[in-house]
Amino acid sequence: MAGPAYRVAIVTGASRGIGAALVRALCQRGLQVHAIARSAEALDALAQETGCVAHVLDICDRAAVAAALRDLSADVLVNNAAATARGTPSFETSAGDMDALLRVNLAGVVNCLAAVVPGMKARRRGHIINLGSIAGHHAMPGMPAYGLTKAAIHNLSQTLRLDLHGAGIRVTEIVPGRVETGIHLSLMADREAARRSFYEGYASLQPEDIVAAILFALDAPQRMDVTLMEIMPTDQVYGGSAFAKST
């Protein structure tokens, strides 16, 4: 890497999509990568493929997260894990969906920070990458509950920089538009209909595009913190309400 010689990284939501692609990229660079997800089978396959260290872990369990992560001397923490919910107006969001969104998208991130950041501060070395979303920056129809949790991640990223001022730790928020990871398939009852609605005919971002952005931020010299990077498909505009088909 051109920037700090990071050695140990933690990636949440590592079993698929952006998380799995990032694990592959970091392992190829020679980092010791600790991959976290709830899917044992997917993590085992990723570990066999890449040599990463698999942790079958629910980030909502603060005690389990602390036990697994606090002694790893991590240089990089990538908060990528996220839950989604069926697309409804905010006032129709079920209690169960709201609980899952808050537990994973907010409490899970804070649990990982609580386990890892004290060690970073003690070593005066570290880089936190938070995966946000344009849904947290711009109003998007059908995703208000998810969007509010990602808006909280934006605020958290900003306050983290204040909390860590002078500690030598960088904080980067990556804000993607539509990425073809499959996460959108949970927004509709019919997954095939969701695939046609969200992906068919669109030139969406791919996981490797977001990985490239993360690596750019990690590679920057220590004096430079890429604080916020918004990444959109060329044919998508702010808010996601207008996306021109490429076919």
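The values are calculated or read from the model by the stated rules, or taken from the named source; none is laboratory data. Here the structure is a predicted model, which means the values were calculated and not measured. FYI the Cβ positions are ideal-geometry reconstructions off the backbone, even for glycines, and counts take in every protein chain you see.
Examine segment 87-99 for a residue that is in contact with a Leu (Cβ under 6 Å, 6 or more places away or on another chain), in contact (Cβ under 8 Å) with a residue 60 or more places away in the chain and surrounded by fewer than 23 Cβ atoms within 10 Å (Cβ to Cβ), and state whether such a residue exists.
Within segment 87-99 (the criterion being in contact with a Leu (Cβ under 6 Å, 6 or more places away or on another chain), in contact (Cβ under 8 Å) with a residue 60 or more places away in the chain and surrounded by fewer than 23 Cβ atoms within 10 Å (Cβ to Cβ)), the answer is yes, since at least one residue qualifies.
Is there a residue being of a type in the set (A, V, I, L, M, F, W, C), more than 20 Å from the chain's Cα centre (by Cα) and closer than 20 Å to residue 18 by Cα anywhere in segment 45-59?
yes
Name the helices (runs of 4 or more DSSP H) wholly inside segment 139-247 in which the number of residues that are among the basic types (Lys, Arg), buried (at least 16 other Cβ atoms within 10 Å of the Cβ) and modelled with pLDDT of 95 or more is 1 or more.
144-163
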